[in-house]
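These notes are about the structure you will find just below.
Just so you know, all these numbers are worked out from the coordinates, no wet-lab data involved. Since the structure is predicted, the reported quantities are computational estimates derived from the model, not experimental observations. When we count neighbours, we look across all protein chains shown, and the Cβ atoms used for this are built from the backbone with ideal geometry, even at glycine.
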Amino acid sequence: MDKLLSEIRDCEVCKSHLPLGPRPIVAAHPDSKIAIIGQAPGTKVHKTGVPWDDPSGKQLRKWLGVLDAIFYDESKIALIPMGFCYPGKGRSGDLPPRTECAPLWHEPMLDKMPNSKLILLIGMYAQNYYLGNKAKKTLTETVASYEAYLPKYLPLPHPSPRNRFWLTRNPWFGEWVPPELQRRVSKII
């Protein structure tokens, strides 16, 4: 795993497309029991080099019901984005994750984590990649059908503060999904 992580952190496959240059952000360990597949680091995470070191990460830790010490313990939780580097700014937020990363690095990483019991799929990009034709037409439908993907996968919306309107329109999420997620995380860790 150390060799693979070193290769990922040295990756420059899409260097010419990255406005801030390459800085792959990832955290994993062979003993990781939960893998969190997110989108791509934002500018703050690009600067600090710490995955989920932003308001989205704070909300995600609330949903999981874990403290920072557990969240950042790589032997417990692997933090793997769909795109490992900050992709740049778009018209309504950050650009989508670069498409080169997941096919190049995800399978080798997950293969080196034999103790993984749960993969959290955060956002549409992760859900479409991992669920394929089993994903529903919309993220809302996919997340609402989370039980169909258990015990291996649990789809989640992105925990970004920008998603507060989605959370307001979908109050069932807060009632059903975080409590189920917390039960599973507590049992696994």
- Query: What do you reckon, is Pro114 outside any helix (DSSP H, G or I), in contact with a strand residue (DSSP E or B) (Cβ under 9 Å, 6 or more places away or on another chain) and over 17 Å from Arg61 (Cβ atoms)?
  - Reply: no
- When you go through (1) over 26 Å from Gly65 (Cα atoms); (2) touching a His at 6+ places or on another chain (Cβ under 9 Å); (3) in a helix (DSSP H, G or I) one by one for Cys85, which number turns out not to apply? (3)
- When residues of region 1-52 are limited to those that are assigned to a loop (DSSP other than H, G, I, E, B), touching a residue at least 40 places away in the same chain (Cβ under 8 Å) and β-branched (Val, Ile, Thr), the one surrounded by the most Cβ atoms within 10 Å (Cβ to Cβ): Ile25
- Conditions (1) of a type outside the set (Asp, Glu); (2) surrounded by fewer than 17 Cβ atoms within 10 Å (Cβ to Cβ); (3) part of a helix (DSSP H, G or I): number failed by Pro151: (3)
- Message: Tell me the residue from Pro103, Pro97 that is closer than 22 Å to Arg9 by Cα, under 16 Å from the mean Cα position of the chain (by Cα) and assigned to a helix (DSSP H, G or I), please.
- Response: Pro103
- Message: Testing Ser92 on (1) more than 21 Å from Val13 (Cβ to Cβ); (2) surrounded by fewer than 20 Cβ atoms within 10 Å (Cβ to Cβ); (3) in contact with a Ser or Thr (Cβ under 7 Å, 6 or more places away or on another chain), one condition comes back false. Which one is that?
- Response: (3)
- Query: Would it be correct to say that Glu180 is under 18 Å from the mean Cα position of the chain (by Cα), closer than 29 Å to Lys44 by Cα and among the acidic types (Asp, Glu)?
  - Reply: no
